Number of protein chains: 2
Amino acid sequence: MRNNLYVLKFGGTSVANRERIEEVAKIVISYIKKGINVVCVVSAMGDTTDRLISLAKEISPFPSEREMDMLISTGEQVSSALLAMALHKKGYDALSFVGYQVGIITDTSHTQARILKIETKKILDALRKKRIVIVAGFQGATEDGEITTLGRGGSDLSAVALACCLKAERCVIYTDVEGIYTADPRLVKGAKKLRYITFDEMLELAFLGAQVMQVRAVEVAKKFNMPIEVKSSFTRKEGTIIMGKTKFIEEPEVRGVALTENEAKLTICNVPDKPGIAASIFTELAKNNINVDMIVQNVSHKKITDISFTVPKNLLSKAEKVSQKIAQRIGATEVLSDCDIAKVSVVGVGMRSHPGVAAKCFSALAKRKINIEMISTSEISISCVVRKKEGKKALQVLHKEFNLDRIKK
Amino acid sequence: MRNNLYVLKFGGTSVANRERIEEVAKIVISYIKKGINVVCVVSAMGDTTDRLISLAKEISPFPSEREMDMLISTGEQVSSALLAMALHKKGYDALSFVGYQVGIITDTSHTQARILKIETKKILDALRKKRIVIVAGFQGATEDGEITTLGRGGSDLSAVALACCLKAERCVIYTDVEGIYTADPRLVKGAKKLRYITFDEMLELAFLGAQVMQVRAVEVAKKFNMPIEVKSSFTRKEGTIIMGKTKFIEEPEVRGVALTENEAKLTICNVPDKPGIAASIFTELAKNNINVDMIVQNVSHKKITDISFTVPKNLLSKAEKVSQKIAQRIGATEVLSDCDIAKVSVVGVGMRSHPGVAAKCFSALAKRKINIEMISTSEISISCVVRKKEGKKALQVLHKEFNLDRIKK
C-alpha cells in the first residue's frame, strides 16, 4: 500500500462552475499540504452529460453507442483541464489526462464498458515528480484505442479502480451529500449519518435506491478491500467510511432503511406447477435483458400456482410482452401488472446473528396496518413490497422500530 | 493519387446546430452517391471554441497551454461524433476519430503545434470497408500521446494535411462564403467570385487579410500541389479552386485586392546609418516573437535615417517597449507609433510579366488624392499603407482600376 496516496473523486455538482472548481482546488491543496499525494478523478460539470445526450437525441433517436462515447467522454475532459488550470493558478503543479492517456483499458462494450486493467506507469511517473494527477472520470479506451465510457456513475468506478490499481491508502468520493444515512433524510426526519458502513451493507443500500454511489464501484472496492470515504465537497464535514469490517465488536442489527418506488410488479397467474417452469420463465426474461429483482412463488393449489416478480418500471412494457408470450407457451391464464407498489428494505450485517429481525419488521408494519404484498430476504437485508402510497410511512415506521434515529456510529 | 478520394472540411458555421449538421450529412452523401470515398474534417460547432476559451479565462488569465489543448480539442470531438450519428440515421456507415486515433502526430508546441506526420493506416482501413471517415479537425497528438491543437484555423490544416498524406484527388473546404473574391464583397460593390486562383495569389491574399483560409494550410497545399476548392455549405454553388497553375495561357495582371486594418506602424527616428543596424533591430524584434510585416527605410541624410515598420496591432505595445530599448542602445532619438493606418494590396501572378502595375496603382490612388505612406512589393503583390479612413476608398479605387468588376474567371 502507498500510505501517502489518496484518490479523490469529485462529482458533477462539485465541479459545476468556476466557483465550485476553485473550491475543489482548495480541497485538493489541503491534502497536498498534509504531505499526501493526490490523484483526482472528476466528473463532467453539472448537467453537461445530459446536455450532450440530448444533443445526440436531437440528431438521432438511437445514436450509435461508439459515437455516444466519443461525444459524452468530452465532458470529463473539459472539467479535468479546468481543474488543472485552477490548481496552476494557486501555484500547484498539476496535469490532466483522459482515460486512454493513463491506460484505463476497457472491453469494447461502448457506453457500458468494463475496466480490464489500468497501466499505472504514467500516473506514478507524474506523482514521483510531485505533480497532482487529474484523470477524466467515466471513461477508458479499448486496446485498439477506441474511446469507451463506463455507464452512469462511472466516475465512481474510475476512482475506485484507480485507487485499487495504484494501491492507494484511501479513495474519497466528494459529492453533494454528507455521507450515508440510516434513511433518506428527505423522507425520514431523524435520519442519522453513519460514520462507518460495510461494503455489503452499502451494496444492499445502493441496490435498494440510496443513490449515493455506483454499485459497481462498491463491488470493486470490496474485492480489493479499498476503504472509501463518502463526503460533501460543500460542507467538508466528516463523511461515511465504507470498509470491509467496521471497528465494533458487536454490530447493531440494522444499519439503514431504504425506499424504492421505481419498480413494478408482474404476476403470471395459474402457472402449471411443473419442475423447470420457473427456470424457463426467468431464463427467457434474462435473454431479453430484463433484470428481475424480487421473485415470489406461492405454494401451489391443485398443481397450479402464481408467480410474481418485480422489474424496473422503465422495462415494464417490454417485460409484459415477454411474459405474455411465456404465459401462452406454458399454459398460464393471465399476466397482471401493477405499477402502484413501493419496496421498503432494512439492511445490516448484524442481522446475520440477530434472530427475529424479520419478525420485528413484519409486526411493526402490521401494527400500523400496512399490508405486505411480497417479501424477499438476503443474509443482510429484508425487503417488503407494499402499496405505493404507504411506502414513505413504512420507511418511517421501520426507521423508528430499529432505533435508527438514536444510532451512534 | 487516389482518384476517388476527397477530403471535405466543414467549418464551425457549417456544423453550428442540428439542422446544419444534417445538411452537411446530405452534402457528404451526395459525394458517396457519385462513387467518391470521403474523409470529413470538422470544426467545433459555432462558437464552441470561444466559449471553452472564456471558461478557461474565467479560471485563470494565463491558463497552461497543455491544459488549453485538453480543453479546446473537445469541441471538434463533439461535432465529429454528431456528424457520424447524422450519417448513421440516413443509413450510411461512418466512424468519427479524434486526432490521436488516426495518428496525426505533431510537435510539442501546445496551442500552435505543427504536424510532423500522419499515419494513414486506420483511415485507409476504414475507407476500404466503404466507411465514411470523420476526423476531428484542429488537433493532433505528440509521440507521447499528449493532445495538441494546431492554432486558429487549424481545421483547414488538418484537412489539407490529410488530403496530402492520403494522396486525395482534392480537398474541399466548405465554409460560409462562396469562394475567393476579387475583393471583400462587404467593402467593394461589384467584387467578383474567382473560379481559379493560384496558391501564391491565395497566400498573398490570406496574409493580406482575406480571411477565408488559414495560411499554413495553403502553404502545405502548395508544397504537395493539392488542389483545394473553397465553397459554401449553405448555397452549394460552384466555389473557387486554388491550384498550382491556372488553366489560362495569359494571366490577367491582377486577381484581387485586399484591405487590412489590423496593423500599426512604428517608426524609429534618427537612426545612425551604420551597417548592421537594421539587422540588429529586426533580430531583436524577432527574438521577442514580434512578427514584422512591411519595412521601409528612407535614404539617409547626413548618416541619419528613419526606419518604419508595421506589426499586428495586438503586439503594438510590446513592440513599442522593445523598440524603445533598441533606440536607446543604438542612439536613435525617438520611437513613434501610429495605429491609424490601413494597408491596401493588389495581388496577381500576372504582375510578374506585366510591367507598370505598380505605376498604375500609385497613379490611381494619387488621382483620388489618397496619400501613400509606405510601399512594399513582392513578385506578385504591391501593398500601400494609407490613412485608415481612406482604406476602404483606396480598395474600391484599385478594384475599379484593374477592372476586377469585369473579371471572367
**Item:** Considering residues of segment B:353-381 that are in contact with an Asp or Glu (Cβ under 6 Å, 6 or more places away or on another chain) and closer than 15 Å to B:E253 by Cα only, the residue surrounded by the fewest Cβ atoms within 10 Å (Cβ to Cβ)
**Value:** B:H354
**Request:** Return yes when B:A168 is crowded, with 24+ Cβ neighbours inside 10 Å and touching a helix residue (DSSP H, G or I) at 6+ places or on another chain (Cβ under 7 Å) and no when it is not.
**Result:** no
**Request:** List the number of the failed condition for B:Q328; all other conditions in (1) in contact with an Asp or Glu (Cβ under 9 Å, 6 or more places away or on another chain); (2) at pLDDT 85 or above; (3) not β-branched (V, I, T) hold.
**Result:** (1)
**Prompt:** Among the residues of segment A:80-88, is any touching a residue at least 60 places away in the same chain (Cβ under 8 Å) and closer than 18 Å to A:T148 by Cα?
**Reply:** no
**Prompt:** Do we find a residue being in contact with a Gly (Cβ under 8 Å, 6 or more places away or on another chain), in a helix (DSSP H, G or I), surrounded by 22 or more Cβ atoms within 10 Å (Cβ to Cβ) and not hydrophobic (A, V, I, L, M, F, W, C) anywhere in segment A:195-205?
**Reply:** yes
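To keep it simple, each residue is scored yes or no on (1) within 22 Å of the chain's Cα centre (by Cα); (2) in a helix (DSSP H, G or I); (3) under 22 Å from B:V296 (Cα atoms).
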{"residue": "B:R329", "(1), (2), (3)": "no, yes, yes"}
{"residue": "B:P355", "(1), (2), (3)": "no, no, no"}
{"residue": "B:S363", "(1), (2), (3)": "no, yes, yes"}
{"residue": "B:N371", "(1), (2), (3)": "no, no, yes"}
{"residue": "B:S376", "(1), (2), (3)": "yes, no, yes"}
{"residue": "B:V385", "(1), (2), (3)": "yes, no, yes"}
**Prompt:** How many of the residues making up segment B:377-401 are among the aliphatic types (A, V, I, L, M) and without any contact (Cβ under 8 Å) to a residue 40 or more places away in the chain?
**Reply:** 2
**Prompt:** Which members of segment B:46-55 meet the condition of being facing chain A (nearest Cβ under 8 Å) and more than 23 Å from B:I104 (Cα to Cα)?
**Reply:** B:L55
**Asked** Filter segment B:25-55 for residues that are in a helix (DSSP H, G or I) and in contact with a Leu (Cβ under 6 Å, 6 or more places away or on another chain); which is surrounded by the most Cβ atoms within 10 Å (Cβ to Cβ)?
**Response** B:A25
**Asked** Restricting attention to segment A:329-341, does a residue exist that is closer than 15 Å to A:F282 by Cα, out of contact with any strand residue (DSSP E or B) (no Cβ under 6 Å at 6 or more places or on another chain) and not charged (D, E, K, R)?
**Response** yes
**Message:** For segment A:1-24, which positions are outside any helix (DSSP H, G or I), among the small types (G, A, S) and away from chain B (no Cβ under 14 Å)?
**Reply:** A:G11
**Message:** Here is a check on your reading of the model: is A:K231 surrounded by fewer than 17 Cβ atoms within 10 Å (Cβ to Cβ), among the basic types (K, R) and touching a residue at least 12 places away in the same chain (Cβ under 8 Å)?
**Reply:** no
**Odd one out for A:E76 among (1) surrounded by 24 or more Cβ atoms within 10 Å (Cβ to Cβ); (2) facing chain B (nearest Cβ under 8 Å); (3) in a helix (DSSP H, G or I)** = (2)
**Message:** Within segment B:207-216, does at least one residue satisfy the condition of being closer than 27 Å to B:E379 by Cα, of a type in the set (D, E, K, R) and not in a helix (DSSP H, G or I)?
**Reply:** no
**From the options B:I295, B:I242, B:I268, residue that is β-branched (V, I, T), surrounded by fewer than 16 Cβ atoms within 10 Å (Cβ to Cβ) and within 30 Å of B:C361 (Cα to Cα)** = B:I295
**Prompt:** Which ones in segment A:204-231 are modelled with pLDDT under 95 and among the aromatic types (F, W, Y)?
**Reply:** A:F207
**Complete:** Filter segment A:319-336 for residues that are closer than 16 Å to A:K274 by Cβ and hydrophobic (A, V, I, L, M, F, W, C); the one that is surrounded by the fewest Cβ atoms within 10 Å (Cβ to Cβ) is A:I330
**Request:** Given the conditions (1) more than 10 Å from chain A (Cβ to nearest Cβ); (2) of a type in the set (K, R); (3) in contact (Cβ under 8 Å) with a residue 40 or more places away in the chain, report the number of the one that B:K34 does not fulfil.
**Result:** (3)
**Request:** Could you pull out every one of the strands (runs of 3 or more DSSP E) wholly within segment B:82-187 that has 1 or more residues that are closer than 30 Å to B:R255 by Cα, among the charged types (D, E, K, R) and more than 14 Å from every other protein chain (Cβ to nearest Cβ)?
**Result:** B:168-175
**Complete:** Out of (1) touching a Cys at 6+ places or on another chain (Cβ under 7 Å); (2) part of a loop (DSSP other than H, G, I, E, B), the one B:E253 does not meet is (1)
**Prompt:** In segment A:56-73, which residues are in a helix (DSSP H, G or I), of a type outside the set (V, I, T) and either facing another protein chain (nearest Cβ under 9 Å) or touching a residue at least 12 places away in the same chain (Cβ under 8 Å) (or both)?
**Reply:** A:A56, A:E58, A:E65, A:R66, A:E67, A:M68, A:D69, A:M70, A:L71
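The values are calculated or read from the model by the stated rules, or taken from the named source; none is laboratory data. Just so you know, these numbers come straight off a predicted model, no measurement behind them. Virtual Cβ from ideal backbone geometry, glycine too; neighbours counted across all protein chains shown.
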